[in-house]
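Have a look at the structure below, then the notes.
The values are calculated or read from the model by the stated rules, or taken from the named source; none is laboratory data. Quick caveat, the model's predicted, so the values are computed rather than measured. So basically every Cβ, Gly included, is an ideal-geometry build from the backbone, and we count neighbours across all protein chains shown. With ligands, DNA and RNA removed, areas are computed over all heavy atoms of the protein, side chains included. Shrake-Rupley method; radii C 1.70, N 1.55, O 1.52, S 1.80 Å.
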Amino acid sequence: MPIRFPKKSRRNIVRQSSLDEGPVPRVQHSTRVRLRPRPDWHKRNFLTSVLIPSLFVKRSGGDVPPKFPKIHQGEICITWIGHASFLIQTHEVNILIDPIWSKWLKVIKRLKQPGFEIHHLPSIDFVLVTHAHFDHLDRRTLRRVAADQPIVVPTGVGNLVHRLGFRIVHELDYWQTVELGPLKVSLTPCHHWGARFLADLHRDFGGFVIASNGRTIFHCGDTAYFPGFKEIGDRFDVQLALLPIGAYDAPTGREVHMNPEQAVKAFLELRAKTLIPMHYGTFPLGFEPLHEPPQRLLAAARAHGIEQKVLVMTEGKPVVL
């Protein structure tokens, strides 16, 4: 168990030692996407065709107080807050992943309200943040959530969150696992990048596998498609896969996010039981219409005969699985 650092510590960050990795070696190949835009990216104007029109769109959704059900042993309750934010509940603990209640990402307007207001949250035991991008690591939200509980981040991200009010920061490298009460949380690779700003490319990024009482959830984080999904499926018995399906038509033309068809391919390679889509419909981060990703996802799932395995969630409505 890590030492509980005093709150006045300048750096209350714990990194797992290499001994925690067991026989599994660290991934040596890079999973970072290139930052250079596609040569023809300038032929479309994201500012005039997406960002400016979005300023005149009224935010949809409401803020009806959620009705969290009683959770029995062996059950998992999942509530989609919006974008990549989820509340995961077992009969013992409440986990918050990539929480963001902010209405703006700098100049990008949130077009779908969070599923419920932040003050409706139950007591949060653990917080997980997949990487440092503003739509996943929202410091304003984290300050309000922080109540002296542990937070888990990839290596290099700890200094962004360790003074926000968390008891201790666990930094994980790929395939490393930390035990948090009844949970085992492991960081998995993805194909993305984790810089908060252009100069801090040292920050890692990834997804999380959360195991508790024989149940396993995989939150993919943010990623383009890459061959690593099969390895994740080989290492973990993934039951519920939370996979991104939006922002695939990026302003720069780069392949930085999965499209819905690639999400289905990733799901099949993971050999998971249920696909829960995320990272769509909240912020206009790509040229595609906000309603398009789930339509394409269901069409791709039908084509592969797995439509019954797809669970399209509604923000703020808990589902017990």
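Note on MET313: accessible area is roughly 10 Å² with a 1.4 Å probe, heavy atoms of protein only.
Report the residue, chosen from PRO244, PRO289, PRO260, that carries the largest GNM mean-square fluctuation when the chain is represented by alpha-carbon nodes joined by springs under 10 Å. Among PRO244, PRO289, PRO260, the largest GNM mean-square fluctuation belongs to PRO289. The relative contact order of the range 164-321, computed from alpha carbon pairs under 8 Å that lie at least 6 residues apart in sequence, is 16 percent. The phi-based Karplus calculation (6.51 cos²θ - 1.76 cosθ + 1.60; θ = phi - 60°) puts the 3J(HN,Hα) values of the range 147-164 at 9, 6, 9, x, 10, 10, 9, x, 4, x, 9, x, 5, 7, 10, 6, 10, 8 Hz, whole numbers, x for Gly and Pro.
Out of all DSSP beta bridges with both ends in the range 159-279, state the antiparallel percent to the nearest 5. Percent antiparallel among DSSP bridges in the range 159-279 is about 65.
Taking a Cβ cut-off of under 12 Å around GLY221, the surrounding Lys, Arg, Asp and Glu residues balance to a net charge of -4, with basic ones at +1 and acidic ones at -1. Remark: relative contact order (the range 209-282) = 35 percent; criterion is Cα-Cα distance under 8 angstrom and separation of 6 or more residues.
Considering only PHE208, PHE229, PHE197, the mean-square fluctuation computed in a Gaussian network model of the chain, springs between alpha carbons under 10 angstrom, is largest for PHE197. With the convex hull constructed from alpha-carbon coordinates only, the range 147-251 shows a mean projected area of 7.7 nm² over all directions. Under the criterion of Cα pairs below 8 Å and six or more residues apart, the relative contact order for the chain equals 20 percent.
The modelled label-to-label distance for the pair LYS103/ASP63, using points 7 Å beyond Cα in the direction of Cβ, is 0.8 nm. Working from label points 7 Å from Cα in the Cα-to-Cβ sense, the ARG140 to LEU55 distance is 1.7 nm.
Percent antiparallel among DSSP beta bridges with both residues in the chain, to the nearest 5?
The antiparallel fraction comes to roughly 55 percent.
Only helices enter the 222 nm calculation for the chain: every DSSP H run of n ≥ 4 contributes -39,500 (n - 2.57), and dividing by all residues gives -3500 deg cm²/dmol, rounded to 500. Applying both filters, DSSP loop and at most 10 other Cβ atoms within 10 Å, to the trypsin sites (Lys or Arg not before Pro) of the range 99-181 gives LYS106.
Seen from PRO182, the other residues with C-beta closer than 10 Å to its C-beta sum to a net charge of -2, counting Lys and Arg as +1 and Asp and Glu as -1. Taking 7 Å steps out from each Cα toward its Cβ at LYS317 and ARG34 produces label points 4.3 nm apart.
Computed from backbone phi, the HN-Hα couplings of the range 244-250 come to x, 9, x, 6, 7, 9, 5 Hz, rounded to whole numbers (Karplus: 6.51 cos²θ - 1.76 cosθ + 1.60, θ = phi - 60°; Gly and Pro given as x). For the chain, the carbon plus sulfur part of the accessible surface works out to 54%, probe radius 1.4 Å. Averaged per residue, the range 76-170 has 29 square angstrom of accessible surface, using a 1.4 angstrom probe with ligands and nucleic acids left out.
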